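See below for the structure under consideration.
The values are calculated or read from the model by the stated rules, or taken from the named source; none is laboratory data. Predicted model only: the values in this text are computed from it and were never measured. Here the Cβ is made from the backbone with ideal geometry for all residues, glycine too, and neighbour counts use every protein chain on show. Side chains are part of the model used for accessible areas, which takes the heavy atoms of the whole protein and leaves out ligands, DNA and RNA. Shrake-Rupley method; radii C 1.70, N 1.55, O 1.52, S 1.80 Å.
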Amino acid sequence: MLKEAVEGQVTVVCNAIAASVQFQVEPVGRWFEAFLKRRDRNVSASFQELEEEEELSEESEDEELQLEEYAMLKTLDPKDWKNQDHYAVLGLAHMRYKATQKQIKAAHKAMVLKHHPDKRKAAGEQIVEGDNDYFTCITKAIEILSDPVKRRAFDSVDPTFDNAVPSKAEGKENFFEVFSPVFERNSRWTSKKHVPKLGTMDSTFEEVDTFYSFWYNFDSWREFSYLDEEEKEKAECRDERRWIEKQNRASRAQRKKEEMNRIRTLVDTAYSCDPRIKKFKEDEKARKESEKKAKAEAKRREQEEKERARQAELEAARLAKEKEEEEAKQAAQQAKKEKEIQKKAIKKERQKLRTTCKNWNYFADSEAESVKMMEEVEKLCDRLELVSLQSLNEMLSSGTKEEGKAAVEKHVQQVNAQLQKEREAEVQARQASRSSEQASSGSGGGSKGWNEEELQLLIKAVNLFPAGTNARWEVIANYMNLHSTSGIKRNAKDVINKAKNLQKLDPHQKDEINKKAFEKFKKEHAAVPPTVDNAVPSERFEVSGAEANAAWTTEEQKLLEQALKTFPVNTPERWEKIAAVVPGRTKKDCMKRYKELVEMVKAKKAAQEQVAAKSKK
């Protein structure tokens with residue numbers, strides 16, 4: 001290391017210092033062993049030096065070892081040595097698990113020099129023969145504490161250790177004062193070298209998290225073999241020794257489980273009472289709330305931005321649409337103006353053509369020819385376009401009468417030829433339409449046409465058997481064959497084709513068909529035919545013409561069906577009650593409508609049964 005410059009001295013550079021070079025050095029020998037220890041324990045070289053200084057300080061303390069005499073030593077029962085405090089027996093009750101092996105040996109040596117039977121016998125004290133002397137307790141103490149395995153077993157059940165766990169009430173009042181010594185006391189059982197401290201109220205989140213992570217994953221070396229009730233050395237055979245080992249393992253596992261539960265209870269209680277955890281949770285909650293608000297604010301701004309962009313697009317679209325509409329309006333106005341101009345021009349040219357032809361007496365010598373040519377001129381005015389009219393007028397104005405007549409006759413011939421072609425095309429179109437209708441009607445019913453009765457039966461059957469009915473068109477065909485008086489049998493294909501043709505009819509034709517059907521129904525049911533014996537008609541079905549003509553609405557039909565369900569057959573004065581439910585309908589109306597519904601259902605079932613029988617065959 002360079003010396004500091006003294007005030008007043010001048011620093012002179014004689015030579016340039018060579019650049020430093022880094023070398024890879026591998027430790028060997030005892031340095032390699034020290035390196036492995038530092039790597040396994042994750043400590044630095046300076047930390048190892050501190051440990052060596054601590055060991056040196058412990059050796060210096062061994063020289064100044066002071067023993068505490070155990071007052072109850074002479075009263076101990078050698079046979080109950082397992083329940084004695086070995087550290088107190090050797091005078092190390094104040095040091096206990098912190099005592100080193102040198103201190104234990106020095107304490108034992110001092111106790112032997114003082115309490116050995118030979119020493120006491122020479123001093124004139126009466127000695128108990130055999131193993132009944134209290135000196136046996138000293139021998140057992142050094143036997144247990146000098147063996148690392150046995151000493152660890154005894155330290156695990158140290159009788160002076162406080163296993164108590166503070167309650168939540170105690171921890172909430174003075175958390176750090178209550179829990180700090182408890183964790184410090186229990187840290188002696190950890191297998192790891194460095195134990196994090198509980199800390200203070202100012203500890204960071206990382207420090208608190210490290211502390212609780214350590215204790216929630218606490219690795220304890222504490223074991224309870226010292227409390228084994230049976231000693232396998234006393235077993236007389238191998239089976240008994242195995243049984244003793246099994247019992248001891250079970251009791252150790254149970255005590256180990258209870259110990260880990262105690263540690264977990266301690267950590268849980270501390271965690272629930274720790275004010276820092278509450279503070280961290282509040283901070284975390286506040287942070288999440290702020291993030292949530294910031295996210296909501298960002299989302300709101302984004303939505304506002306999208307809304308502004310959407311409004312801008314709508315405004316641009318509106319302006320574009322207005323511009324397009326304005327351009328279309330201007331174009332329409334321009335087209336209208338051009339059309340008006342063209343219309344005026346055509347009108348002017350037509351008037352000019354009429355005037356010219358009139359001045360020349362329509363190029364005719366007689367009155368009849370003049371009238372005929374006048375019609376032809378009007379036809380030219382209606383059919384010719386502006387250009388043709390202008391060219392014809394120029395020719396008439398510049399040429400002679402004969403040339404004008406020839407030009408007019410030429411245009412008349414062209415217009416008549418065009419009209420003749422249009423008439424022929426129209427006739428052909430009508431013939432094609434008529435032939436297609438005949439072909440469609442012929443494919444539906446062969447060479448036999450449909451009369452009004454069959455059309456009405458078809459309309460009634462289509463309404464009676466709506467879409468969704470099983471084998472609908474076969475059922476409709478059977479229904480028509482049952483009720484038709486024409487004697488013509490219709491199949492499903494005929495019915496489908498005719499139904500399609502009826503759909504193509506305009507509403508006026510449909511109304512006409514329905515009107516004819518109603519007039520036929522009215523004619524058939526206008527009066528009741530007299531019977532042979534001139535009996536009076538039954539009151540049940542005697543109705544007036546107005547009542548017979550009144551059709552049932554959908555709402556009245558629903559009310560009737562609901563009333564039929566509400567008032568069954570055995571209800572007294574059933575039809576009076578049903579008529580009271582349906583407004584505007586009498587008892588006779590309801591009874592007649594009920595009979596019609598029954599007949600419709602029977603007809604529908606009969607048609608469906610016929611179709612089912614045919615399908616089975």
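Residues being over 30 Å from Asn501 (Cβ atoms) and of a type in the set (Val, Ile, Thr) are entirely absent from the stretch 421-434.
Take Pro196 and tell me if it is of a type outside the set (Phe, Trp, Tyr) and part of a loop (DSSP other than H, G, I, E, B). Give the steps one after another, and end with the answer.
Values: of a type outside the set (Phe, Trp, Tyr): yes; part of a loop (DSSP other than H, G, I, E, B): yes.
It is true that Pro196 is of a type outside the set (Phe, Trp, Tyr) and part of a loop (DSSP other than H, G, I, E, B).
If you check Lys493, Lys498 for being at pLDDT 80 or above and either in contact with a strand residue (DSSP E or B) (Cβ under 9 Å, 6 or more places away or on another chain) or open to solvent by 70 Å² or more (accessible area, probe 1.4 Å) (or both), only one passes: Lys493.
If I ask for residues that are over 26 Å from Pro466 (Cβ atoms), open to solvent by less than 70 Å² (accessible area, probe 1.4 Å) and in a helix (DSSP H, G or I), which ones from the stretch 579-590 would you list? Passing the criteria: Ala579, Val581, Lys588.
Kindly establish whether Val128 is outside any helix (DSSP H, G or I), touching a Ser or Thr at 6+ places or on another chain (Cβ under 7 Å) and among the hydrophobic types (A, V, I, L, M, F, W, C). In short, no. The residue of the stretch 199-209 that is nearest to Lys168 (Cα to Cα), among those that are assigned to a loop (DSSP other than H, G, I, E, B) and open to solvent by less than 40 Å² (accessible area, probe 1.4 Å), is Gly199. Could you please let me know if Leu113 is exposed (fewer than 12 other Cβ atoms within 10 Å of the Cβ) and not acidic (Asp, Glu)? When the stated conditions are applied, Leu113 passes them.
Collect the residues in the stretch 220-261 that are closer than 29 Å to His194 by Cα, among the charged types (D, E, K, R) and surrounded by 14 or more Cβ atoms within 10 Å (Cβ to Cβ), keeping them in residue-number order. Across the stretch 220-261, the qualifying residues are Arg222, Glu223, Arg252, Arg255, Lys256, Glu259. Whether any residue in the stretch 416-439 is among the polar types (S, T, N, Q), under 22 Å from Cys357 (Cα atoms), at pLDDT below 85 and out of contact with any Pro (no Cβ under 9 Å at 6 or more places or on another chain) is what I want to check. Scanning the stretch 416-439 turns up no residue that is among the polar types (S, T, N, Q), under 22 Å from Cys357 (Cα atoms), at pLDDT below 85 and out of contact with any Pro (no Cβ under 9 Å at 6 or more places or on another chain). Scanning the stretch 171-193 for residues that are open to solvent by 90 Å² or more (accessible area, probe 1.4 Å) and either modelled with pLDDT of 85 or more or under 15 Å from Tyr271 (Cβ atoms) (or both) returns Lys172, Glu177, Glu184.
Residues in the stretch 563-573 that are open to solvent by 70 Å² or more (accessible area, probe 1.4 Å) and assigned to a helix (DSSP H, G or I): Lys565, Thr566.
Would you check if Lys329 is open to solvent by 70 Å² or more (accessible area, probe 1.4 Å) and closer than 26 Å to Val408 by Cα? Answer is no for this residue. For Ile138, the test of being in a loop (DSSP other than H, G, I, E, B), under 30 Å from Lys79 (Cα atoms), open to solvent by less than 70 Å² (accessible area, probe 1.4 Å) and among the β-branched types (Val, Ile, Thr) is failed. Among the candidates Ala110, Ala93, Ala88, the residue that is more than 19 Å from Val128 (Cβ to Cβ), assigned to a helix (DSSP H, G or I) and touching a Phe, Trp or Tyr at 6+ places or on another chain (Cβ under 6 Å) is uniquely Ala88. Screening Leu560 with (1) aliphatic (A, V, I, L, M); (2) loosely packed, with under 12 Cβ neighbours inside 10 Å; (3) assigned to a helix (DSSP H, G or I) gives one miss only, at (2). Based on this model, can you work out whether Gln342 counts as in a helix (DSSP H, G or I), touching a residue at least 24 places away in the same chain (Cβ under 8 Å) and not β-branched (Val, Ile, Thr)? Judged against the criteria, Gln342 is a match.
Set side by side, the residues Glu596, Glu576 differ, and just one is within 20 Å of Pro466 (Cβ to Cβ) and either part of a helix (DSSP H, G or I) or among the hydroxyl-bearing types (Ser, Thr, Tyr) (or both), which is Glu596. Restricting attention to the stretch 1-40, the residues that are modelled with pLDDT under 70 and surrounded by 10 or more Cβ atoms within 10 Å (Cβ to Cβ) add up to 0. In the condition set (1) in contact with a strand residue (DSSP E or B) (Cβ under 9 Å, 6 or more places away or on another chain); (2) under 15 Å from Leu266 (Cβ atoms); (3) not aliphatic (A, V, I, L, M), Lys168 is compliant with all but (1).
Taken over the stretch 141-157, the criterion of being under 60 Å from the mean Cα position of the chain (by Cα) and not in a helix (DSSP H, G or I) is satisfied by Val157 alone. Residues in the stretch 381-417 that are exposed (fewer than 12 other Cβ atoms within 10 Å of the Cβ), among the acidic types (Asp, Glu) and farther than 23 Å from Lys343 by Cα: Glu402 alone.
Just wondering, is there one or more residues in the stretch 360-377 that are buried (at least 16 other Cβ atoms within 10 Å of the Cβ), assigned to a helix (DSSP H, G or I), hydrophobic (A, V, I, L, M, F, W, C) and touching a residue at least 40 places away in the same chain (Cβ under 8 Å)? Looking through the stretch 360-377, at least one residue is buried (at least 16 other Cβ atoms within 10 Å of the Cβ), assigned to a helix (DSSP H, G or I), hydrophobic (A, V, I, L, M, F, W, C) and touching a residue at least 40 places away in the same chain (Cβ under 8 Å).
Which one of these is surrounded by 10 or more Cβ atoms within 10 Å (Cβ to Cβ), more than 30 Å from Gly171 (Cβ to Cβ) and in contact with a Cys (Cβ under 7 Å, 6 or more places away or on another chain): Arg318, Arg310, Arg300, Arg350?
Working: Arg318 fails: in contact with a Cys (Cβ under 7 Å, 6 or more places away or on another chain); Arg310 fails: in contact with a Cys (Cβ under 7 Å, 6 or more places away or on another chain); Arg300 fails: in contact with a Cys (Cβ under 7 Å, 6 or more places away or on another chain).
Criteria check complete, one pass: Arg350.
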